[in-house]
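Student: Below is a structure I'd like to ask you about.
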Amino acid sequence: MSRVKITEFKAKSIVLPQLGQEYEGLHIDTNDKNWPELIENLTSHSAYVVKVDQGVKKRGKNGLLMLNISLEKIKEAIETLKAKGFNTFLIEPFITHEQSDERYLSLQRVREGIQLWFHAQGGVEIEETSKDKSVEEFSVNNEQEIKVAAEATKISFDMLNALIDVFKKEYFAYLEVNPLIIHDNSLNLLDLAVEVDSAGDYFVTTWNKGVFVQKNITIDQELAVMKLSEKSPSSFKLEVLNSDGAIWMLLSGGGASLVIADEYNNLGKGSIIGNYGEYSGAPNADETYEYAKQIVSLMLKSAASKKILLIAGGVANFTDVSITFKGIIRALEERIDELKKQNVTIFVRRGGPKQEKGLALIRDFATHNKLGGYVAGPELSLNEIVNKSIEAL
Amino acid sequence: MKEQQIDFAQYGKTNTPCVICVGNHPPIIQSILDFDYMIGRKEPSVRAIIAGGRKFERYFFGEREIAIPVYNSGRDLNKTWSCQDLVLFLNVSSGRRVYASTIELLENIPSIDGGVLFAENMPEQHATQLIEYAKEHNIWIIGPASVGLLVPGQLKLGAIAGVDYAQLQSARAATRGNVAVFSASGGMTNELIWNVTKSGHTISFALSFGGDRFPIFSPAQAFLAAENDAETTHIVYYGELGGDDEYEIVRLKNEGKITKPILAFIAGTISELFAEPPQFGHAKAMAKTHGESARAKRAALREAGIASPDSFAEFLTLIDTISMDDKNENEDEGTVPSIGTRKKALFMSSISQEKDGKIEVLGSDLAELGSSTTFAELLISMFLGKKVKSKEVVEFVDTVLKLLIDHGPHVSGAVNTMITARAGKDMVSSLAAGILTIGPRFGGAINEAAHNWFTAVEQGVPPQDFVESFAAKKQYISGIGHKKYRTDNPDPRVATLLTFVEKMESKKYTSFALQVEAITTDKKANLILNLDGAVAAIMLDLLAEKEDVTAEKLKECIDTEFFNALFIFPRSAGFIAHFLDQKRLDEGLFRLPEDEVLFV
């Protein structure tokens, strides 16, 4: 894992108290049937903001942000947003401000430490991705630098310093406030987006993997792989590209998996790729079995008439080929009748520790079960096995 | 900046570098030792492992089994560390521990030149802190999430080039060539090494930066190192979408700082098939902006005149077409040794071995020792596990052995020996019966006394507080007190022993014991420093001052009951004497008279 979004509610709950400010937000998850009751307990304000809180960008533009909503209309507003396919919302008191007071501020961890970006005109127009020339940029890695940034942005030194401290202490990787309203003794973070560094979860108490903005994973197999990866020291990834795809990939290594997927795409087969994924970091046979099982099950469900399974990877440094292949063979054996019935062809290319043993195991398995295809060691290059496999389609 | 100075070509070129491993990773460490063996080194490069648990980890060097010492921490290692050559480290601990353990090591072993971090999932903040640290301290750190650095024929630091001996051979890891291989991905590093080798070329050096967002050792630094290396003629590079490292390479190329031909492949166009940019295998591999995409990077590289093809197939073709004219003329194509058959020994011993029919004790032929050493010298050397050098220690031990050989027939061990002998049992049984009484109340107090003196002195406890802490718990102090001897009737044996410390400089343990005695005898005249206490204190002082035994090693002596050996050994001789005596006198079975047992 790496940089992961947390909800705006969670982000504000972490940041605001550490700036000495109270936070009056309400988190609503409509998967919880009792959500309407929560609204009844809201502290009374004349108006509220209701917004989708699922890490979506440009909420204003896309109508996922509703301003100036009275207490009575909140439920209705949520129902409206819910109808657009969302389930996590944030309710906050509505505070009026002059649009001319809106600023843009972001902090990001960079190679040199922390970098701050500021724009005197806040609002939705500024994309963090294409910062124009009027965006001012500051390094904020010592008191002097923070002083310079504080003066330029007209944020009090203490407030800015406190914000940067939170950023560090909470293992944030990215923080964006847009718009931001600057007061003498406080900051009004109208919209706050935070990405944490997931590797920091061991060092913080305020957030954990449970508060990440979840991609709406609806595919069971992807979910199973995500869970497998969470509880293993090794790494597993699975993304379905086309559930009716013809090319299914059981790949090892973050790098080799990209190379192989790219090659299919280069050869014009992008649209029939079933999945992207990879396992790495010397998983054991059981874990590899669990992973392979998910891909085999996706492949068998695909409506494609011809299917290939590519079991491939580079020349491993320390992942034991025979151990991982044992796990893969177990997953294939389990569904062997269906694999045969669907005429799935298996292609293999792999190198690394115990490669002879691993390749022999899978060659025997493929021959014995007449799964056709081709089994090769490193003598065949990554692109060559891709070429060979395409011939079978 | 370190940038200009790194010259991997020099690493391990003449002398074997000293590698410290943080954490124990058997396949990786073994592969480094195999590499050392393969290139004909006489000794392995891995000198120490920092980990918990055992004191040694066993590995193979060729066919020979070796034990690599294990230390608890860099601080612990620092006490005994010495290396005149290049010092490097390899940290294989987890992403959570890697930052703290690296800093701990670097602070304690300042002679370190650089190292590799193997762990994935190290927080970005820790990486950027290490970038700062490396700059300030003028060291290099490759990683995190790196399979390491390979300088063929000279250095293997990590899993790079594989962990099987066969892999090392096919990667031609013993031969230094002219093609540098760099990659963010560990697997692709090895894949490229394989492809370069397959095309008939050999590697000048190879390294993996790791797939994290902030590789501490940056691609730019690696490219400059390749430019700087006289042997390297070509650079083969594998990069991915995400981050902006390639733009730095473009800059260096445009500024003319890199002139050697580069073949670069940037993977990740598959990302274009996804609606939302996904996170691929490596932490960095996510293109949020156009500039971070594989296509944009390829275009920028090409614009700078760097070969950056659109397919991996073309990339491999380019590797194949690297001119053979640039091949290093001195490439040694000699055969590498076989690692032979390996068998793990059931035991380790550092005391003695049987070699070519001769017995070697502590590395010397026992037959020769028979004429060149005294019994006391050989005995104390074997007890310590190393040859002693001072005559004071030998003389002291000789005296102790004599003084402790017997304490009359009335003490429990002697009584047991005599009773068993009279019951008609053999020598070994009678001796065992006597020895089995040695423990907390009889004879076993020397070690406990050593523990008392050592702990109090090391922790700086004042004698007064020391005595008080025992009094408060109503406990006896081992090493203090005697049934018979008192201040007005001192133990003559103790007086004899104390003459050994008279000429010593610090004698801190004995001084402490005597200060304690001064306090305790003030309370009661028989609470004097007894023989156990004196032997323990003086032995501690002699070992510390005359044999340079460190505090850690003294602690180990206490933990292993070394001090009790000074009693058990001579007294066993005494028991044997009592056994023989009883057999000669032959009084028959002993039975305790009835009035000697009080029925309660």
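Just so it is clear, none of the values below were taken in a lab; they were calculated from the coordinates. Here the structure is a predicted model, which is why all the values come from computation and not from measurement. Using ideal geometry, Cβ is built from the backbone for each residue, glycine included, and neighbour counts are taken over all protein chains shown.
Student: Please report the equivalent ellipsoid semi-axes of the stretch B:417-494, computed as sqrt(5 x eigenvalue) of the Cα gyration tensor, largest first, in whole Å.
Tutor: Working from the Cα gyration tensor, I get semi-axes of 34, 16, 11 Å.
Student: Another question, then. Taking a cut-off of 14 Å between Cα atoms, list the aspartates and glutamates near A:Lys82, but don't count ones fewer than 8 places away on the same chain.
Tutor: A:Asp29, A:Asp32, A:Asp53
Student: Using a 7 Å offset from Cα along Cα-Cβ at A:Gln115, what residues in the stretch B:271-285 end up with backbone N under 17 Å from the label point?
Tutor: Counting only backbone N, you get B:284-285.
Student: Moving to a separate point now. In nm, give the distance between the simple-model label positions of A:Gln342 and A:Ser305, each being 7 Å from the Cα along the Cα-to-Cβ direction.
Tutor: 1.7
Student: Under a plain spin-label model, where a point goes 7 Å from the Cα along Cα-to-Cβ, how far apart in nm are B:Phe375 and B:Ala518?
Tutor: 3.9
Student: Counting each DSSP H run of 4 or more residues in chain B as -39500 (n - 2.57), what helix-only mean residue ellipticity at 222 nm follows after dividing by all residues, to the nearest 500 deg cm²/dmol?
Tutor: Result for chain B: -12500 deg cm²/dmol, rounded to the nearest 500.
Student: Quick check on packing: order B:369-376, B:175-182, B:543-550 by the mean number of other C-beta atoms within 10 Å, highest mean leading.
Tutor: In descending order of packing, they fall as B:175-182, B:543-550, B:369-376.
Student: Please rank B:Tyr237, B:Tyr37, A:Tyr174, fewest neighbouring Cβ atoms within 10 Å first, as an exposure proxy.
Tutor: With the sparsest Cβ surroundings first, the list reads A:Tyr174, B:Tyr37, B:Tyr237.
Student: I would also like to ask the following. Output the pairs from A:Lys307/A:Lys370; B:Lys473/B:Lys553; A:Lys51/A:Lys73; B:Lys135/B:Lys253 with a Cα-Cα distance over 18 Å in this structure; if there are none, say none.
Tutor: Those over the limit are B:Lys473/B:Lys553; B:Lys135/B:Lys253.
Student: Can you give the average number of partner chain beta-carbon atoms within 10 Å of each beta-carbon in peptide A:65-76, as a whole number?
Tutor: 0
Student: Same structure, new question: Taking amide H positions as placed in the peptide plane 1.01 Å from N, state which residues far from B:Ile216 in sequence (5 or more) or on other chains have amide H under 5 Å from it.
Tutor: Correct list: B:Gly143.
Student: A follow-up question, please. The stretch B:8-325: D in µm²/s via Stokes-Einstein (Kirkwood Rh, Cα pairs, 10 °C, 1.306 mPa s)?
Tutor: Reported coefficient: 80 µm²/s.
Student: Now for a separate question. Rounded to the nearest 0.05, what FRET efficiency do B:Ser506 and B:Phe590 give with R0 = 60 Å and r taken as the Cβ-Cβ distance? Could you check?
Tutor: My answer for the efficiency is 0.75.
Student: If I take all pairs of Cα atoms in the stretch B:402-585, what percentage of them are more than 28 Å from each other?
Tutor: More than 28 Å apart: 29 percent of the Cα pairs in the stretch B:402-585.
Student: Taking chain B as a whole, which cysteines find no other cysteine Cβ under 4.7 angstrom from their Cβ?
Tutor: B:Cys21, B:Cys557
Student: Next up: Could you pull out every one of the lysines with an alpha carbon less than 19 Å from that of A:Lys169, ignoring same-chain neighbours closer than 8 positions?
Tutor: A:Lys5, A:Lys10, A:Lys12, A:Lys209
Student: At q = 0.15, 0.18, 0.20 Å⁻¹, what log₁₀ I(q)/I(0) does the stretch A:220-391 have when each alpha carbon counts as one equal point scatterer in the Debye sum?
Tutor: Reported log10 I(q)/I(0), two decimals: -0.73, -1.13, -1.47.
Student: What's the average, rounded to a whole number, of partner chain beta-carbon atoms within 10 Å of each residue's beta-carbon in B:308-320?
Tutor: That average works out to 3.
Student: What is the list of residues in the stretch B:7-44 whose amide nitrogen lies under 20 Å from a point 7 angstrom out from the Cα of B:Lys55, following Cα to Cβ?
Tutor: Label zone hits: B:21, B:23-24.
Student: Which entries of B:Lys13/B:Lys42; A:Lys231/A:Lys293; A:Lys237/B:Lys198; A:Lys57/A:Lys147 show an alpha-carbon separation above 21 angstrom in the structure shown?
Tutor: A:Lys237/B:Lys198; A:Lys57/A:Lys147
Student: Rounded, prolate or oblate, given the Cα gyration tensor of the stretch B:122-258, with a/c below 1.5 counting as rounded?
Tutor: Verdict is prolate for the stretch B:122-258.
Student: A further question follows. Tally the DSSP beta bridges in chain B and give the antiparallel ones as a percent, rounded to 5.
Tutor: Expressed as a percentage, antiparallel bridges in chain B total about 35.
Student: Pick out, in residue order, every one of the trypsin sites (Lys or Arg not before Pro) in the stretch A:351-393 that is DSSP loop and has at most 10 other C-beta atoms within 10 Å; say none if there are none.
Tutor: A:Lys370
Student: So if I average 1/r over every pair of distinct C-alpha atoms in the protein assembly as shown and take the inverse, what Kirkwood radius in Å does that give?
Tutor: 33.6
Student: For all pairs of alpha-carbon atoms in the stretch A:23-93, what percent lies in each bin of width 5 Å, listed from the first bin to the last filled one?
Tutor: Here the calculated profile for the stretch A:23-93 is 3, 17, 33, 27, 14, 5.
Student: Taking each residue in A:191-202, count the Cβ atoms of any other chain within 10 Å of its Cβ, then average. What number comes out?
Tutor: The shielding value for this peptide is 4.
Student: Could you let me know the centre-to-centre spacing of the stretch A:89-118 and the stretch B:207-281, using Cα atoms, in angstrom?
Tutor: Using only Cα atoms to place each centre, the spacing works out to 33 Å.
Student: I'd like the distance between the alpha-carbon centres of the stretch B:105-142 and the stretch A:1-53, rounded to an integer number of Å.
Tutor: So the separation of the two Cα centres works out to 39 Å.
Student: So, one more: Take every Cα-Cα pair in the stretch B:91-158 and report what % of them are more than 15 Å apart.
Tutor: Distances greater than 15 Å cover 50 percent of the Cα pairs.
Student: A further question follows. Which values of log₁₀ I(q)/I(0), to two decimal places, follow from the Debye formula for chain B at q = 0.08, 0.12, 0.13 Å⁻¹ with a uniform point scatterer at every Cα?
Tutor: Taken in order of the listed q values, log10 I(q)/I(0) reads -0.73, -1.13, -1.26.
Student: Count neighbours as other Cβ atoms within 10 Å of each site's Cβ, and list the chymotrypsin sites (Phe, Trp or Tyr not before Pro) in the stretch B:527-600 that are DSSP loop with at most 12 such neighbours.
Tutor: Hits after loop and neighbour filter: B:Phe599.
Student: Considering every pair of different Cα atoms, what Kirkwood radius, in Å, is found for the stretch A:99-211?
Tutor: For the stretch A:99-211, inverting the mean 1/r across all distinct Cα pairs yields 14.5 Å.
Student: For the stretch A:327-392, compute Rg over Rh where Rg is the Cα radius of gyration and Rh is the Kirkwood radius from the inverse mean 1/r over Cα pairs.
Tutor: In the stretch A:327-392, Rg relative to Rh is 0.96.
Student: Sum -39500 (n - 2.57) across every DSSP H segment of at least 4 residues in chain A, then divide by the residue count to get the 222 nm mean residue ellipticity, nearest 500.
Tutor: -10500 deg cm²/dmol
Student: Measuring from centroid to centroid over Cα atoms, what is the spacing of the stretch B:517-564 and the stretch A:205-240 in Å?
Tutor: 59
Student: If each Cα of chain A is one equal point scatterer, what is log10 of I(q)/I(0) from the Debye formula at q = 0.07, 0.08, 0.13, 0.14 Å⁻¹?
Tutor: Taking Cα atoms of chain A as identical point scatterers yields -0.45, -0.57, -1.03, -1.10.
Student: Considering only DSSP beta bridges whose two residues both sit in the protein assembly as shown, what percent are antiparallel, to the nearest 5?
Tutor: 55
Student: Roughly what would the spin-label model give for A:Arg330 and B:Thr496, points 7 Å off Cα along C-beta, in nm?
Tutor: If labels sit at A:Arg330 and B:Thr496, their model points lie 7.0 nm apart.
Student: At 4 °C and 1.567 mPa s, grab the translational diffusion coefficient of the stretch A:1-44 from Stokes-Einstein with a Kirkwood Rh over Cα pairs, rounded to a whole number in µm² per second.
Tutor: 104
Student: Determine which residues of the stretch A:57-84 fall in the zone a paramagnetic label at A:Glu37 would reach in this model, i.e. backbone nitrogen under 11 Å from the point 7 Å along Cα→Cβ.
Tutor: What the label zone holds, given the 11 Å backbone N cut-off, is no residue at all.
Student: Given an 8 Å cut-off on Cα distances and at least 6 residues of separation, report the relative contact order of the stretch B:8-325 as a percent.
Tutor: RCO, the stretch B:8-325: 13 percent.
Student: Given the stretch A:239-296, what whole percent of its Cα pairs are spread farther than 18 Å?
Tutor: Above the 18 Å cut-off, the stretch A:239-296 has 33 percent of its Cα pairs.
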